[in-house]
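Input: a single structure, listed below in structure tokens.
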Amino acid sequence: MVSLKEKIGYALGDAAAGGIAWKVMSIAFPLFFTNVFGLSLADAAVLMLIARLFDVVTDPLMGSLSDRTQSRWGTYRPWLIIGAIPFGLIFALLLYTPDLGDTGKRIYAYTLYLLMMATYTAVNVPYGSLLGVMTEDDNEKNQFSSFRMVGAYAMGFITLLSFPYIQNWIGGDEYVNLNAQLAELKANANQTDEIKNQIQQKSQELVPMLQHQYAVIGALFGAIAAAMTLACGLLTKERLKPKRAEKFSFKQFADLVKNKPWIYLTSIGICTNFFNGFRYAVAGYMFTYCLNGDVTLGSFIINYTVFMAFGEVVCMIFGGLSPKFTEWAGSKKKAFSIAAIICTVTSVLFFFIPMEPGYMWLMVLTVILTSIGVGLYSPLLWSMYADVADYATEVNGTSSTGLIFSSGTMAQKLGGAVSGSLIALLLGVAGATMIEDAMGNTTIDPASVTDSVKNMIWMLFSIFPAIMSGLMIVLLKFYPIKK
């Protein structure tokens, strides 16, 4: 019987990677790179696409490498223990804006982003693979997977909810007052040239404050992520010894391509991350340009991170309930399908909510309903990867657990890369343009945010994700493992 301490220890791994690093990278990075760091929309799109497509190659290689690791800590745990500090440090540096000029900043962003993806791979692929060697009991695997998702969503909730309050604390009264003035100007229905100029001026005044805030936030969350990753490596145990293929061979990659359950599950995994990628990456733009900034309801501040935090806490709750829900549904496949249907319906409903701050609680309610579906299917995905790994061992005679679980992180990064890049490109297609202030900072020109741009943002949060969850339903019909 696996102890509660070990389950919590395993949960800390995804609390760091999914609840902090990936959450900030998904929801804050698109807006950070264009409006704070100073990259153009095109540069931001190419950066996220190249860096994460790079992982499509490195993730399987990391999976194969980790399968062959032998140490006193086991096969997969040493990567967590050794990689914890570099993981947190590079994350912190990525949120720092250096004074290097356009070319220097572009090189800095590309270099640090590639390093971040490589470090994330070196930690997260072995972390996922741990699930295959901690226990052979299928029920305990489901519990570990459930704890993992609860950890990720609980920390994601804390990260996103605290984000605006940490910003206000770092920025002080000057930042709070300037932000309030900017929101008031944007909400003015009479957008004269004078008001537009004031919006542009105050937006430029905010940039150096935001750069300092993101640097401090990066250092804070980077330290927490490093500590959690290290704790995960120290608190977990590897009870099963994988049947290693001692020598590296490309045959394992050929076997993977022939693995029908893997093909369908990886395709489903890519869709889940497109679904999340669109929603998280566009949320910042939605609040900035569709809802005129932060929405204050009494003394409660709702910005894009707090808005998504409502979903995080619901995902945490229903991630914990996922094993019971799966028992009720009768199989992982059927439970996943029901969850995907919930996501499709509620995403379409969001599109029809009026684009006005007065409908904020209806938007929050819809996000909560969508998150029920996300919370139910998220643990199932990783538990199903364990099933696929068992299937591969049975068919091929040797373990490829790390390689198969690496496809989960590969799908995560591919979905996040393409969705993030598409958002930047589609905003440009819809008419958004960039401007440069007197200090050389680049940001989206508020005057270029027309109804066409706003409608594109709204669709990227609703219709595009609905298409992805609809594809999940279709692909699940062909997934052959019936556990």
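Semi-axis lengths, largest first, of the ellipsoid equivalent to region 98-195 are 42, 23, 12 Å, with √(5λ) applied to each eigenvalue of the Cα gyration tensor.
The orientation-averaged projected area of the convex hull spanned by the Cα atoms of region 270-389 comes to 7.8 nm².
Put simply, the Cα atoms of region 258-340 extend 51, 30, 14 Å along their principal axes, the longest span coming first.
Pop the C-beta distance of LYS477 and SER71 into the FRET formula with R0 = 51 Å and round what comes out to the nearest 0.05.
On the way: r = 42 Å, r/R0 = 0.83.
Taking R0 as 51 Å, the efficiency between LYS477 and SER71 is 0.75.
Each helix, a run of at least 4 DSSP H residues, gives -39500 (n - 2.57); summed and divided by the residues of the chain, these come to -26000 deg cm²/dmol at 222 nm. Rounded to the nearest 10 degrees, the inclination of helix 193-235 to the longest alpha-carbon principal axis of the chain is 20 degrees.
Quote the relative contact order of the chain in percent (integer), defining contacts as alpha-carbon pairs under 8 Å separated by 6+ residues. It would help to have the intermediate numbers written out before the result.
Numbers: 799 pairs, mean separation 146.1, N = 483.
Averaging sequence separation for qualifying contacts and normalising by length gives 30 percent for the chain.
The simple spin-label model puts a point 7 Å past each Cα toward its Cβ; for ALA447 and ILE50 those points are separated by 3.2 nm. Compactness check for region 78-140: Cα Rg over 2.2 N^0.38 Å is 1.54. Scalar couplings 3J(HN,Hα) for region 309-321, obtained by applying the Karplus form with A = 6.51, B = -1.76, C = 1.60 to θ = phi - 60°, are 5, 4, x, 4, 5, 5, 4, 4, 5, 7, x, x, 8 Hz; x denotes Gly and Pro.
Taking the square roots of 5 times each eigenvalue of the Cα gyration tensor of region 1-137, largest first, gives ellipsoid semi-axes of 32, 15, 12 Å.
Model label points for ILE317 and VAL345, set 7 angstrom from Cα along the Cα-to-Cβ axis, are 1.8 nm apart. Once Rg and the Kirkwood radius are both taken over the C-alpha atoms of the chain, their ratio Rg/Rh works out to 0.97. Considering all alpha-carbon pairs of region 320-387, what whole percent are spaced by more than 16 angstrom? Value for region 320-387 (Cα pairs over 16 Å): 49 percent. Applying 1/(1 + (r/R0)^6) with R0 = 41 Å to the Cβ-Cβ distance of LYS260 and ILE353 gives a FRET efficiency near 0.55.
How long is the gain from ASN190 to LYS202 if the chain were fully straight, where each residue apart is worth 0.36 nm and the alpha carbon distance is subtracted? Walk me through the intermediate numbers first.
Details: separation 12, 0.36 × 12 = 4.32 nm, distance 1.75 nm.
So the chain would gain 2.6 nm between ASN190 and LYS202.
Taking the Cα centre of the chain as origin and assigning +1 to Lys and Arg Cβ atoms and -1 to Asp and Glu Cβ atoms, the resulting dipole is close to 1980 debye.
With 0.36 nm allotted per residue and the present C-alpha distance subtracted, the ASP99-PHE300 stretch has 68.9 nm of extension available. As a rough guide to protection, the peptides 316-323, 170-177, 449-456, 280-287 ranked by mean Cβ packing within 10 Å, highest first, stand as 280-287, 316-323, 449-456, 170-177. Using θ = phi - 60° in the Karplus curve 6.51 cos²θ - 1.76 cosθ + 1.60, the 3J(HN,Hα) couplings for region 332-346 round to 5, 4, 5, 4, 4, 4, 5, 4, 5, 5, 4, 5, 5, 5, 5 Hz; x is entered for Gly and Pro.
For the set ASP102, ASP43, ASP387, ASP193, the ranking by accessible area, highest first and with no ligand, DNA or RNA atoms included, is ASP193, ASP102, ASP43, ASP387 under a 1.4 Å probe. Quick one: of LYS23/LYS196; LYS7/LYS258; LYS237/LYS483, which pairs are farther than 31 Å apart, Cα to Cα? Result: LYS23/LYS196; LYS7/LYS258 exceed 31 Å. Counting only Cα atoms, I'd like the Rg/Rh figure for region 33-101, Kirkwood definition for Rh. Rg/Rh: 1.11.
The values are calculated or read from the model by the stated rules, or taken from the named source; none is laboratory data. Computed from a prediction, not measured in an experiment: that's the story for all the values here. Every residue, glycine as well, gets a Cβ built from its backbone with ideal geometry; the counts of neighbours run over all protein chains shown. Accessible surface is based on the protein model in full, side chains and every heavy atom, while ligands, DNA and RNA are left aside. Shrake-Rupley method; radii C 1.70, N 1.55, O 1.52, S 1.80 Å.
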